[in-house]
1. State, in angstrom, two size descriptors of segment 3-103 derived from its alpha carbons: Rg to one decimal place and Dmax to the nearest whole number.
2. Picking from VAL165, THR114, PHE129, whose Cα lies most toward the positive end of the charge dipole for segment 107-178 (charges on Cβ: Lys, Arg +1; Asp, Glu -1)?
3. Taking 0.36 nm per residue of sequence separation and subtracting the Cα-Cα distance, how much length would be gained by fully extending the chain between ASP145 and GLU43, in nm to one decimal?
4. Please grab the % of Cα pairs in segment 7-54 that end up more than 18 Å from each other.
5. Need one number: convex hull volume per residue for segment 107-178, Cα atoms only, in Å³.
6. Beyond a 32 Å Cα-Cα separation, which of these cross-linked pairs lie in this structure: LYS5/LYS178; LYS36/LYS60; LYS108/LYS147; LYS108/LYS178; LYS102/LYS147?
7. Within 12 Å, Cβ to Cβ, of HIS7, how many net charges do the neighbouring residues add up to if Lys/Arg are +1 and Asp/Glu are -1?
8. Please build a GNM for the chain, connecting alpha carbons under 10 Å apart, and tell me which residue among VAL101, VAL172, VAL153 fluctuates the most.
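Nothing in this text is a laboratory measurement; each read-out follows from the coordinates by a stated rule. Model, not experiment: these values are computed from the prediction. Note that each Cβ is placed from the backbone with ideal geometry, even for glycine, and that neighbours are counted across all protein chains shown.
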Amino acid sequence: MNLSKIHVRYAKAFFLYAVEKNILEVVGKDLGLFMKEYKNTVELSLMLESPVISSSVKLKTLREIYDNTFHTDTLAFFELIIKNKREEHIPGIISHFFHLVKEKTGIKEVRLTTAVRITGEIRNRLQEFLKDYYKSGIEFEEVIDEKLIGGFVLKVDDIQYDASVTSRLEKVRDKLLKTELFN
């Protein structure tokens, strides 16, 4: 099975279940806390990704860590993933789960890539413009990529607007290569 299909299927199933049971906010907090600890605790990620450690040990460990913290349905979700030997996909599953939550709540994912860091004033004006334009909340991420030379690349969900100098230079290069020098 394709990795992205695994992420989508598990995330969508749990998302729909959480919506139906009206526990989306609770399990969302659980999954957010888990991902924070997964990224910051090397032992947790190594334990879950290890093919040597048995599923029963992984489940027991997660229960010991999160039994008094997580909702029972969150723990049951992890149990399902681990019993099906999909634990190495947990980060992708949770990432897609949050993507579905953002879709449901109307939050747009915005990524601005520039060659240099923009000022706070420009960032604020851009965020306000995007909120007004899309009439929704936004989750703003700023990325610095010196290869752009200048300009910017703005990606909102799956739509990308490329106004970078690098992109424009590539277009000019392509046009020059396509034109005949001698007619």
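1. My reading of the Cα-based Rg and Dmax gives 12.7, 37 Å.
2. Farthest towards the positive pole: VAL165.
3. 33.5 nm
4. Percent of Cα pairs beyond 18 Å in segment 7-54: 47.
5. 89 Å³
6. Those over the limit are LYS5/LYS178; LYS108/LYS178.
7. That sum, taken over residues with Cβ under 12 Å, equals +3.
8. VAL172
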